[in-house]
Amino acid sequence: MHQVDSMSPQERRASISLALVFAFRMLGLFMVLPVLATYGQQLQGATPLLIGMAIGAYGLTQAVLQIPFGMLSDRIGRKPVIIFGLVLFAAGGLLAAGADSIQQVIAGRILQGAGAIAAAVMALVADSTREQHRTKAMAMIGMSIGLAFAVAMVAGPIVAGIAGLGGVFLSTSMLAVVGIGLVLLVVPTPQQVLHHRDAGIVRGALRPALANSELLRLNYGIACLHAILMATFLAIPLALQQQAGLPKEEHWWVYLAALLLSFFGMVPFIIYAERQRQMKRVLLGAVALLVLVQPLFWLTQASLPWLVACIILFFVGFNLLEATLPSLLSKIAPAGGKGTAMGVYSTSQFAGAALGGMFGGWLFAHFGLGGVFVGCALLALSWLAIGVTMREPPYVTSYRLAVSSDRIRDAGLAASLLAVAGVTDVVIVADESAAYLKVDSKLLDREALDRVAAPV
C-alpha cells in the first residue's frame, strides 16, 4: 500500500495529459472574464444586466449537468463523456465568436457550460492511477486549474486587443479541439472503469451531503466566492478603463502583476493554516479581506495605483479561499463521501457564478459601479456571518484502502480499522474490496493499518 515507487510512464502520461485537458477547458472559460465587460458593450442589444448574464451564463448549465455527466461516465465510459463535453464547449465558443448580439454570446456561453466534464475527468484520473499515486495526480489537476485561471486573466486582454472579443471565443474553441486530441491520442484508456467514492458521485451519499451543516457552509461559501468574482469582474475592467483611464488593451499587465504578487502574499497563510491547524481562522480572515476590499474599490477607483493595490488584495483573498475551501471539504466530508460532496460543492460553485453575473449586472444597471462593489461587500459579509458559526475542522484526510477479498468479508474489519491509531472514520465497500477511511496523518500507525488489511 505504501510503496515508494514512482509513477509508471502510463500513469504519468494520463495524469499530465488530463491536467492539460482540464487546464485548457478552464482557460477557455475564464479568458472571457476580464474582457467581456469592456468589449461586450459593442454588441447589439448590450445592457449591463445582459453583459452580466453573459459573464456567468456558463454556470447555469455547468450546475445542472455536472452531477448527471459524472454519473453518465460510470455507465458509458469516461472518454465518450469528456469528448462530448469538449465538443459542446468548442461549439459554444464558435457560436459566441460569430455573435453580433449579446443574446448570441449568452447562448454560446450556455452551450460552453454544457460541457460539464469535471467529474468525468476526475474519475478517469482515478481509473488511470494506482492508490499510492492518486493524490499526486489529483494535485496536478488542482495546480492546472490555478495556473489556467492566472494565464486566462492575462491572455484574455492580450488576445482581445489583437483579435477582438470574437478572437477570444475562437481561441477557447481551439483549446477545446486540442483537448479532444489529447483525450483521443495521448490519454491511455484504462482497462476497466472503477467506481471511486472519493472521485465520483454515489446516489446514496447525496442526501447526507446535502444534510451536513458543515458542508452546507462550504457550499454557500464557494457559491458566494464565485458570485463575487463574476460581479466584481463586471466592474473592475470598467473601473480601470472609465475611472482610472487605463485603455482596455493594457489591462493585462494589471492582472499579471496582481496575480504574481497575490500568489506570494497567500502562500504563508496556506502554510500557517495547515501546519498550525488554523484553517478556520485563515478562512475567516480571507473572507473579511473580501468584505473590506470591495468598499476600497469604490473609494479608490479613480486612482490607478490604488485600484491596482485593491486588485492585488482581492486576489490574495480570492486565491487563498480557492485553495482553502477544497482542503476543508476533504477534511469535513465523511468517509466514502468525498466525491459526492465535491460534486455538490462544484454545482454550488457554478450556480454562484451564474447568479453572480446577473447580480452584478442588475446592481450596475441600477446603482452603477459603486453599487456592484457595495453589493459584493454585503454578500461577503453574509458569508462571514455564516462562517463564524463553523466548527474547527478535523485535521484528517480521505484514504481509500484496498482490502483482500477474504478480509473484506470479516465482520470485525471496521472495528479493527477504527482501533488503529489515527483512523477516525471507516466505511467498508465490499463491492470494491475497499475501505474508505478518514485518517490523521500525524497520528496514523501505517504498519498497523497494513497488518489489518492484509489477507488472513
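The values are calculated or read from the model by the stated rules, or taken from the named source; none is laboratory data. Only a predicted model underlies this, so the values are computations on that prediction, with no experimental measurement involved. In this analysis, Cβ positions are derived from the backbone assuming ideal geometry, glycine residues included, and neighbour counts consider all displayed protein chains. With ligands, DNA and RNA removed, areas are computed over all heavy atoms of the protein, side chains included. Shrake-Rupley method; radii C 1.70, N 1.55, O 1.52, S 1.80 Å.
Expressed as a whole percent, how much of the Cα-Cα distance distribution for region 43-176 exceeds 24 Å? Percent of Cα pairs beyond 24 Å in region 43-176: 35.
Take the convex hull of the alpha carbons in region 157-313; its mean projected area over all directions comes to 13.7 nm².
Scalar couplings 3J(HN,Hα) for region 72-83, obtained by applying the Karplus form with A = 6.51, B = -1.76, C = 1.60 to θ = phi - 60°, are 4, 5, 5, 8, 10, x, 6, 4, x, 5, 5, 5 Hz; x denotes Gly and Pro.
The separation of region 252-316 from region 391-418, counted between C-alpha centres, amounts to 39 Å. Per residue, region 329-387 exposes an accessible area of 30 Å² to a 1.4 Å probe, with every protein chain left in place. Heavy atoms of the protein chains alone define the surface here; on that basis region 123-264 has 41 Å² accessible area per residue at 1.4 Å probe size.
Backbone amide hydrogens, once placed in the peptide plane, bring residue 434 within less than 5 Å of 403, 429, excluding anything fewer than 5 places away on its chain.
Sequentially through region 331-337, phi angles give Karplus couplings (6.51, -1.76, 1.60; θ = phi - 60°) of 6, 8, 4, x, 4, x, x Hz, Gly and Pro residues having no value and appearing as x. Please work out the FRET efficiency for the pair residue 424 and residue 378, using the Cβ-Cβ distance as r and a Förster radius of 56 Å; give the result to the nearest 0.05. About 0.90, to the nearest 0.05. Take the Cβ-Cβ distance between residue 264 and residue 304 as r, set R0 to 22 Å, and report the resulting FRET efficiency rounded to the nearest 0.05. Once rounded, the FRET efficiency stands at 0.55.
Distance between the C-alpha centres of region 358-372 and region 115-176: 30 Å, rounded to the whole angstrom. How far is helix 213-238 tilted off the main Cα axis of the chain, in degrees rounded to 10, range 0 to 90? Roughly 30 degrees between the two axes.
Database remark: amide H of residue 101 closer than 5 angstrom to the amide H of 44 (H placed geometrically; neighbours at sequence offset of 5 or more, or on other chains; Pro and chain starts carry no H).
Overall, the accessible surface of the chain at a probe of 1.4 angstrom is composed of carbon and sulfur to the extent of 67 percent. Farthest towards the positive end of the charge dipole of the chain, among the residues 244, 382, 158, is the Cα of 382, using unit charges on the Cβ of Lys, Arg, Asp and Glu. Region 32-89 and region 436-456 have their alpha-carbon centroids 42 Å apart.
Within region 397-447, the trypsin sites (Lys or Arg not before Pro) that combine a DSSP coil assignment with at most 14 other C-beta atoms in a 10 angstrom radius are 442. Relative to the longest principal axis of the Cα atoms of the chain, the long axis of helix 279-300 makes an angle of roughly 10 degrees. A prolate overall shape is assigned to region 1-73, the ratio a/c of its alpha-carbon gyration tensor axes (a ≥ b ≥ c) being 1.5 or greater and a/b exceeding b/c. Computed over region 265-410, the range of Cα coordinates on each principal axis works out to 70, 32, 25 Å, biggest value leading. Sequence-ordered 3J(HN,Hα) estimates for region 358-370 from the Karplus curve with 6.51, -1.76 and 1.60 and θ = phi - 60° stand at 5, 4, x, x, 5, 4, 5, 4, 9, 10, x, 4, x Hz, glycine and proline given as x. Both radii are taken from the alpha-carbon atoms of region 346-452; with Rh as the Kirkwood radius, Rg/Rh is 1.30.
Taking the longest Cα principal axis of the chain as reference, the axis of helix 9-30 is set at about 30 degrees. Average the reciprocal distances over every distinct pair of alpha-carbons in the chain, invert the result, and give the Kirkwood radius in Å. For the chain, the Kirkwood estimate is 22.7 Å. The alpha-carbon positions of region 208-284 define a convex hull whose volume is 119 Å³ per residue. Computed over all pairs of different Cα atoms, the Kirkwood value for the hydrodynamic radius of region 85-143 is 13.1 Å. Close amide H partners of residue 202, meaning residues 5 or more places away or on another chain with modelled amide H under 5 Å apart, are 340.
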